[in-house]
Structure formats: structure tokens, C-alpha cells
Amino acid sequence: MDFEYNDKTKHLQAQIAAFMEANVYPNEEAILQQINEGDRWQPVPLVETLKEKARSQGLWNFFLPESHRGAGLTNLEYAPLCEEMGRSFFAPEIFNCSAPDTGNMEVLERYGNEEHKERWLKPLLNGEIRSAFAMTEPEVASSDATNIETSIVRDGDEYVINGRKWYTSGALDPRCHIMILMGKSDPTNPSRHRQQSQILVPLPWPGVTVKRMHPVFGFDDAPHGHPEVIFENVRVPIDHLLLGEGRGFEIAQGRLGPGRIHHCMRLIGSAERALERMIRRIRLRKAFGRTVAEQGVWLERVAESRILIDQSRLLTLHAAWKMDTVGNKLALKDIASIKVSVPNMACQVIDWAIQAFGAAGVSAEYGLAYQYANARLIRIADGPDEVHRNQIARLEMATYSDQPSVRGGNAHVPPRDAGPGFNGKPRFIV
């Protein structure tokens, strides 16, 4: 692949960077102030104003590859734009490119019918409403999604939903008008991956109750948040089921592939900003008669950070290229690889930045603690590291047969007898 960004990407990247410099970074403190005033779970006026400004400049809906509804960008073209947005907590929403809306819009675009698209996709693309995705459950190990217990039962012209979800990000937002829920519609199906379905639940809706908000490392993520949601005899029309019964995993793979790579793109931007903060800090602060930057360990950490970030970016661009050229399914190993490597990289780089700031690094003054909390969360969200590593290993081992290989050596062949002429030196079997 060619790692050079094309002219269209460079132009958009420059536009986004300029918008961020002029409108986002200078307003971060003011946005935080507005969140902390009054009801923390209401939309932030300044964010809404900046969204209108971004949309008026055409800086809007950069995702949705292979769709006329988005900006017409490939995953590879979108990657550096998403990275730029990842430098600020607020930027993705300002450009209408934030989770879980991006993933939900992809689901509606790929698997929704025309009525679904008109009722929910269109206002989501316009930034008029927001959405949620209900998958994780507190009672089971959700790292294995076949464990999901929330039931989806057909009853005449309706499906009845019962269950309990948590970390259903954004479900309490008053603008959240649609939720995509994954549950079990056929628990006795011999195939564990055909037992689940995904269904659309309008909000607000009878039987749907937001029970409580779950903080992440003490951060409540207002006004977005991560609530626990109870579903008690929730009835929705049968046409709200997506694609068909038993096809929940198929939809999940279509949704989570892009979602995972978007997380990684944003984290690279976050790590870049943490490195920038680290360098500025250590060049200004003095300890033991010289700047912190002159202390050998910090030069090493800056160098390691640059190496780690650039490695992660190249892996992510390669995964984006694979998704564009061979499809999400054949890019599974590449997506899983970045889903493990990038959050771990971000955690390390941000941790070094926190160390450079000392006590200030763990405070709320510089945003580093929140950056770390978000990066650490992504090691669990959309599948934990362990699951992705197992998948990578299985896919890697599947590329090798049990037949002898001259190039790789016959590791399965037992040692031969020394035979005549053995001189006591080991002999290599090839």
C-alpha cells in the first residue's frame, strides 16, 4: 500500500486541524464549565454551537465508506481525519463522528430498511438525535457475546424484550431516540452464533428504564455517560428486527470492525497530544539544577513514545487499507491486532505524560487522567485484549498446515539416529 495521504485527505486534514485550532482547543475549558453547571446530563450549548459551525463548513459525517450518505471517504482516507479529532474529547461529536452514533449509523445504513433510515438514520446524520448500543450485560462474561441472556421473544406482530444491560453509552442523553439491542431470540439453536438477533428499540419507550450511571475510573462522562438499562416486557413491532432472526453476530461483525478501528484512530490522536504535552512540560520544568528534558530517562521516554505512536499508526493504516481492499471479514486479524496494540500504546504514552506532570498529571487540570481512563477503557470496550489475542493466534495458526515445510523446518519430525560418520555435532533437519 501507499502510505502517502491523497490530496483529498490532506485538504480535509488541514481543514479539520484549522477548525480545531480556531474553535475546539480554545473552548475546551468553557465546555467543561458548561457541563459542570446545572444539569450535567443535558446537551452542552457550546458544543451544539460548534456543531452547527462545523456543519456549515462541510466538516461533517466523514465516515460511512461505500455510501452516498457520508463524505465518500474510504477507511484509509478517514483514518488521519479521525486521528485529528481524537486529540480532543469533544471534537468527534462536533464533527458528528462520535461513538456509538457512527457504528449505529453504519448498522442502519447496511441492515436497516427504508423506514428505519428515514426515521432514525437521517436525523442521526443531521445531528438532530443521538443513539445507543445495548450489548454488554452485568450477569455474564460479555467478552464471550454468546453468553448474552437478554431475551427477544416473538409474540404475534411484536417482539418482547426482557433483560438487563449496562455501559449502554449515551442512553440517558435526552437526544437519544434510538437504541440497537443485541439479545437471544433462539436460545436452543445448535449454532451458538445463530441464537442472537439485533433489534431497534425507540426511546423513550414503555418498559425501558435507565437504572443508574456507571463512572469510568471516577469519571461520569457527562453528558454522555454509561448507564445500566432495564428492559421489562418491552414490546416493539416485528419490523424493528434487523436483517432477520439469528443474524445478530453477522451484524455485530459489520458494526464492530469499523467501530474498533475508529477507537484506535482516535487514540493515536490522543497519544500524540499527550506526547506534545509531555515534551512541553519537561522542557519548562527544572529539577536538580537542570530541565527535566535533560534527564536521560525522559529523552528515552520521548523517543519510545514516538516509536510506539508511529508503529501504531502504520498498523492502523494497514488495517484500514485491508478493510477497503478485501473487506472487514478478511481484515479481522488486522483489526484485532490494532485493537490490542493501540490502546496499550496509548496507555503507556499517556502514563509517561502523567509522570512528567507529577501530581498535576493525576488531577483534572490537564486532562491526562481522563485521557488515560479512556485509553484503559478501550482495552475492554468492543472486546477485551485477551479475546482479540486469541483470535489473532487462531487466525495465524490457521495459515499453516501440518505438512512438512522446507522453509519453516519440520518441527514435528522426530530426531534420526546418528548413523555412521556422526562426529558428535548436532545435525539440522530441514
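The values are calculated or read from the model by the stated rules, or taken from the named source; none is laboratory data. On a predicted model such as this, the values are computed, not experimentally measured, just so you know. Using ideal geometry, Cβ is built from the backbone for each residue, glycine included, and neighbour counts are taken over all protein chains shown.
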Can you tell me which of 282, 380, 335 is part of a helix (DSSP H, G or I) and under 15 Å from the mean Cα position of the chain (by Cα)? 335
Please report, ordered by residue number, the strands (runs of 3 or more DSSP E) entirely within region 169-257 with at least 3 residues that are touching a helix residue (DSSP H, G or I) at 6+ places or on another chain (Cβ under 7 Å). 176-184, 196-202
Only one of these is farther than 22 Å from residue 258 by Cβ, in the same structural domain as residue 228 (by TED's automatic domain parsing) and either out of contact with any strand residue (DSSP E or B) (no Cβ under 7 Å at 6 or more places or on another chain) or in contact (Cβ under 8 Å) with a residue 12 or more places away in the chain (or both): 134, 141, 145. Name it. 141
Output the qualifying pairs, or none if there are none: Cβ atoms under 8 angstrom, residues six or more apart or on different chains, first residue in region 298-327 and at positive phi, second residue surrounded by 14 or more Cβ atoms within 10 Å (Cβ to Cβ). none
Consider residue 119 against the criteria (1) assigned to a helix (DSSP H, G or I); (2) crowded, with 24+ Cβ neighbours inside 10 Å: it satisfies all of them except one. Which criterion is unmet? (2)
Any idea which of (1) modelled with pLDDT under 95; (2) within 22 Å of the chain's Cα centre (by Cα); (3) within 30 Å of residue 60 (Cβ to Cβ); (4) not polar (S, T, N, Q) is the one residue 145 doesn't satisfy? (3)
Can you report the number of residues in region 171-190 which are touching a residue at least 24 places away in the same chain (Cβ under 8 Å), farther than 15 Å from residue 108 by Cβ and either surrounded by fewer than 23 Cβ atoms within 10 Å (Cβ to Cβ) or of a type in the set (Asp, Glu) (or both)? 8
If you check 315, 308, which single one turns out to be modelled with pLDDT of 95 or more, assigned to a helix (DSSP H, G or I) and either polar (S, T, N, Q) or more than 23 Å from residue 367 (Cα to Cα) (or both)? 315
Set 150, 168: member being touching a residue at least 60 places away in the same chain (Cβ under 8 Å) and more than 30 Å from residue 60 (Cα to Cα): 150
Single residue of region 386-418 satisfying the filter (small (Gly, Ala, Ser) and at pLDDT below 95) that is farthest from residue 344 (Cα to Cα): 418
Given the options 238, 279, name the one that is of a type in the set (A, V, I, L, M, F, W, C), in contact with a strand residue (DSSP E or B) (Cβ under 7 Å, 6 or more places away or on another chain) and either at negative phi or surrounded by fewer than 20 Cβ atoms within 10 Å (Cβ to Cβ) (or both). 238
Looking for whichever is farther than 28 Å from residue 112 by Cβ and among the aromatic types (Phe, Trp, Tyr) here; the options are 89, 63. Which one fits? 89
Counting only helices (runs of 4 or more DSSP H) entirely within region 1-86, those with at least 3 residues that are farther than 25 Å from residue 131 by Cβ and free of Cβ contacts under 8 Å to residues at least 40 places away in the same chain are 7-19, 28-36
Given the criteria at pLDDT below 95, of a type outside the set (S, T, N, Q) and either within 25 Å of the chain's Cα centre (by Cα) or loosely packed, with under 15 Cβ neighbours inside 10 Å (or both), does residue 19 qualify? no
Are there any pairs with C-beta distances below 7 angstrom linking a residue in region 211-225 that is assigned by TED's automatic domain parsing to the domain that holds residue 380 to a residue that is assigned to a loop (DSSP other than H, G, I, E, B), with the two at least 6 apart or on different chains, and if so which? none
